[in-house]
Amino acid sequence: MTIEADTPVIQTYDLKKRYRKTPAVDGISFEVESGQVFGFLGPNGAGKTTTIGLLLGIITPTEGSFRLFGGETAADLHSARQRIGATLEHPNFYPYLSGRDNLRIVAGVKGETRNEIDRVLDVVGLGRRAKGKFKTYSLGMKQRLALAATMLGDPELIILDEPANGLDPEGMREIREIIRELGQRGKTIFLSSHLLSEVERTCTHVAIIQQGRIVKQDSIVDVTSHGVAGLRSADLNGLESAVAEYPAARWSRRRGDRVVAELDDGDLGALNAWLAGRGIHVSHLSLEARTLEDAFMEATGATETTEAGEAPTGRAGTDGRSEHRMGEVP
Amino acid sequence: MIGAAFRGEMRKMWKRPATWVTLGLFSLITFADLFDEFREARKDPADPFSFPEAWVQILGEEIVIGFVFASVLLILLVAAEFSWRTARQNVIDGLSKTQWYSAKLLLLPLLTALFLGIRILVGGAMAWAGTDAANTATLFGLPQLSALGGMFLAGLGYTSLALFMATAIRNSGPAMAVWFAWFAFGERLLAGGLGSLFEGLRPVLRWLPVTTFNRLDDYIQYDPDAFRRASEWAAEHERTVPELQTLRPAILGAALWVCALTLIGWLWYRRRDL
C-alpha cells in the first residue's frame, strides 16, 4: 500500500452503525491529518468507542466507509493495523500474565524486540512493576500498560480510548505529557475522551460527537480563538436572564461569578446599553477567550455540563485547573 | 505472523494455572486407573501388565477422559479470550482474524497429543516395568500405530467440538456446560428422540459427532490379537462377543466432522463483531 504524503491518516464517509434499530454512530464524516493530535470529544454513550471499533475493523459498519492511510480494502486494513497502536475501552490483557509477559505477546505480533519492551515500560514508568501480574495492577497501572502496548513498535498512528480513566490527577498529568511528547515527535494521535480539559490541553484538533453525530470539528485554536463577552453584576441572576434574551447573543451561560456570552456582532457597547435599558448595572465587561467548554455548549445546545473539577463535586487538576467532565447532554 | 501467534499461545498456555491443573489431574486419574490394573496383574502371573497386551488397558476407552480434559482446557484457553477482550485486542495489535483462529486451531493437535501422551507415558512406564527385556520387539507395531492414529482423530473431534462451542458461546462456563451436556447425554437424547419420531432418520443419527468419534476409541478394533483375546474372554465368560467394525467410514466421518466444526466455528467467529 503506497501512501501519498498528503493523504489523511483517517478518513470516514457517512459512517453508520446501528444495533437493531438503535443508531450508535449515525453518519459521521471526518478527517485526521498526519501529525494531528485529534481529540474525539463526547459524553459517555455518544458513540466514541463504537467509532474507534469501526476504524479498527473489529465492528462492521452498517453503512458508510472509512480509509486508514488511504486504503479501504480488508487487506489495506490489515496492513494499516501494523502501523497503528490502539486500545479500546478498558486495558485488555491476560490477567494471569505479568505486565512484561503481556507486552511480549503484543511484541510477538508486532515483531518487536525485548529492548523495545524495556523502552516502553520505562516511558510509562512501569519498569519496576513489570514482573507483577496484570490482575494485581491498579487501574492506573493498567492504563499505563495499555499505553506502553500502543507505543510498541513506534506506530505512526496511536488511538487511545479514554486513556485517563481511573488515573489520579498526577497520573493524568503524566499521561498528558506522554501524549504531548508523542505529538511533538510527529505521531498522529486520535484521542477519545469525555474530559473537556484533557482534550483542550492535549489536542491540536477536536471533533465533538453527540448521540452518534459529529456536531462540531475544528482546530483547537480556531475553536477557542473567538472572543466571548464576560460580564459581572451585583444581580447575577438578573444579568443571566437578561443576556439570554439579548437578540445578538448566540448563547450565554454562567461561568463562575460572571456570565459569558458569544455575540453575533461582537459589540460590547451595544450589549451594555441594552442591559442598562433593562435596569441591569454591569460592574465588569470584557472580551474573554472562548473555552472548549463554551464551544461544546454552543455545538450541542447544552445548558450546563457536569463539572467534576469544581466544587462541590469536583476534583482539582494538579496545575490548578479543573478536570471538566461532560454530563449527559439534554 | 502465525508462528508468533502460536508462540504466544504456548506462552499463555505454559503460564496459565488451568493448564497445570488439568494436566496434573488427568495424570493422577490415569495413574490411579492404570496402577490398579498393574497391581492386579502382579497378583496373577498368567495375566501380566506388560507389552504388547497392556496396550488394551493403556489405549482403552478411558482415553476419552483425556479428551474431556483436553476439551475443557481448550475451552478455558479460547473462550476466556472473549471475556478478557484479548481476542479483540490481539486483532487490534495486528493479527488478522484468520491468524488468530489458526493459532487456536494449532492447539487442537497439541492438546490431543499432550493428553494422549500422558496416558501412554504413565501406562507405558508401568508396562515397561513388567515386560521381559527379550520381548521388546513386540513393544509397538502397526496395530498400535493405527490405534494411535484413530484415537488422535477422535481427540481432534472432541476438541474441535470444544473450539466450536468456545468461539460460538464466547464464555468459558456456559461453553463447558454445553459441551459436556452434548457429550454426556445431549446427543443421545437427540438421537433417541428423533429416532423414535422418524424411524428413517436412524441411520443418519448414527453419524452424529460424538457417536462417530466414539467408534474410534475402541482399541481392540485396531489390534487383531487383542480382538481375538477379547472375543475368547467374552465367550468364556458368557458375555456379548464384540463385533469387528469397519473403521474406514468412521475415520472418514470423524475427519469430516473435524473439518465441518472448525469451518463453521471459523465462519461464525469471523462474521461476528469482536
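We did not get these values from a lab; they are worked out from the coordinates using the rules stated. Note that the structure is a prediction, hence the values are computed from the model and not measured. Cβ coordinates were reconstructed from backbone atoms using ideal geometry, including for glycine residues, and neighbour counts include every protein chain displayed.
What's the magnitude of the charge dipole for the stretch A:1-160 around its Cα centre, counting Lys and Arg as +1 and Asp and Glu as -1 at the beta-carbon? Answer in Debye, nearest 20. If you can, show how the numbers build up before the last one.
Numbers: 21 positive and 17 negative charges, 232 e Å.
Dipole about the Cα centre, nearest 20: 1120 debye.
Less than 14 Å Cβ to Cβ from B:Arg271, Lys/Arg counted +1 and Asp/Glu -1: what total charge do the surrounding residues give?
Values: positive: B:Lys97, B:Arg170, B:Arg270, B:Arg272; negative: B:Asp273.
Summing Lys and Arg as +1 and Asp and Glu as -1 gives +3.
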Exposed loop trypsin sites (Lys or Arg not before Pro) only (DSSP loop, at most 15 other Cβ atoms within 10 Å): please give the longest stretch of chain A free of them, not including the sites. A:22-130
Grab every C-alpha pair in the stretch B:1-121, bin the distances at 5 angstrom width from 0 up to the longest one, and report whole percents. 2, 10, 18, 19, 13, 11, 9, 7, 5, 4, 2, 1, 0
Where does helix A:169-184 land angle-wise versus the long Cα axis of chain A, in degrees 0 to 90, nearest 10? 80 degrees
Please give me, ordered by residue number, the chymotrypsin sites (Phe, Trp or Tyr not before Pro) of the stretch B:171-274 that lie in loop per DSSP and have at most 12 other Cβ atoms within 10 Å. B:Phe198
Going from the fewest other Cβ atoms within 10 Å to the most, one would list A:Asp257, A:Asp267, A:Asp294 as A:Asp257, A:Asp267, A:Asp294
Among the lysines, select those whose C-alpha is under 19 Å from the C-alpha of A:Lys135, and discard any that sit fewer than 8 residues away in the same chain. B:Lys12, B:Lys15
Picking from A:Ser193, A:Ile158, A:Pro169, whose Cα lies most toward the positive end of the charge dipole for the stretch A:156-195 (charges on Cβ: Lys, Arg +1; Asp, Glu -1)? A:Ile158
Within the stretch B:28-136, DSSP-loop GluC sites (Glu not before Pro) with at most 14 other C-beta atoms within 10 Å are B:Glu61
Mind checking the mean number of beta-carbon atoms from other chains within 10 Å of the Cβ atoms in B:90-102? 6
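GluC sites (Glu not before Pro) within the stretch B:173-274: which are DSSP loop residues with at most 10 other Cβ atoms inside 10 Å?
Values: sites: B:Glu187, B:Glu199, B:Glu232, B:Glu236, B:Glu238, B:Glu243; in loops: B:Glu238, B:Glu243.
Passing sites in the stretch B:173-274 are B:Glu238, B:Glu243.
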Rh (Kirkwood, all Cα-Cα pairs) for chain B, Å, reads 20.2 Å
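Using +1 on the beta carbon of Lys and Arg, -1 on that of Asp and Glu, and nothing else charged, what's the dipole of the stretch B:1-54 about the Cα centre, debye to 20? All intermediate terms of the calculation are to be shown ahead of the outcome.
Working: 8 positive and 8 negative charges, 149 e Å.
It comes to approximately 720 debye.
How charged is the neighbourhood of B:Gln245? Take every other residue with its Cβ under 10 Å from the Cβ of B:Gln245, and add Lys/Arg as +1 and Asp/Glu as -1.
Working: positive: B:Arg215, B:Arg248; negative: B:Asp218, B:Glu243.
After counting each charged neighbour, the total is 0.
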Taking other Cβ within 10 Å of each residue's Cβ, how do B:Thr246, A:Thr62 sort, fewest first? B:Thr246, A:Thr62
Distance in nm between B:Arg188 and B:Trp233 label points, each 7 Å along Cα→Cβ, equals 2.2 nm
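To the nearest 20 debye, what is the magnitude of the charge dipole of the stretch A:133-209 about its Cα centre, counting +1 on the Cβ of each Lys and Arg and -1 on the Cβ of each Asp and Glu? Intermediate results must be reported in sequence, preceding the final value.
Values: 10 positive and 11 negative charges, 47 e Å.
Charge dipole, the stretch A:133-209, about its Cα centre: 220 debye, nearest 20.
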Positive minus negative residues near B:Ile63 (Lys, Arg vs Asp, Glu; Cβ under 11 Å): -4
Checked against the positive end of the charge dipole of the protein assembly as shown (+1 on Cβ of Lys and Arg, -1 on Cβ of Asp and Glu, about the Cα centre), the farthest of A:Val32, A:Asn272, A:Ala229 is A:Val32
Using a cut-off of 24 Å between alpha-carbon atoms, which lysines can reach A:Lys16, once sequence neighbours fewer than 8 places away in the same chain are excluded? A:Lys48, A:Lys216, B:Lys97
Compute the length gained on full extension between A:Leu287 and A:Ala234: take 0.36 nm times their separation in residues and subtract their Cα-Cα distance, giving the result in nm to one decimal. 17.2 nm
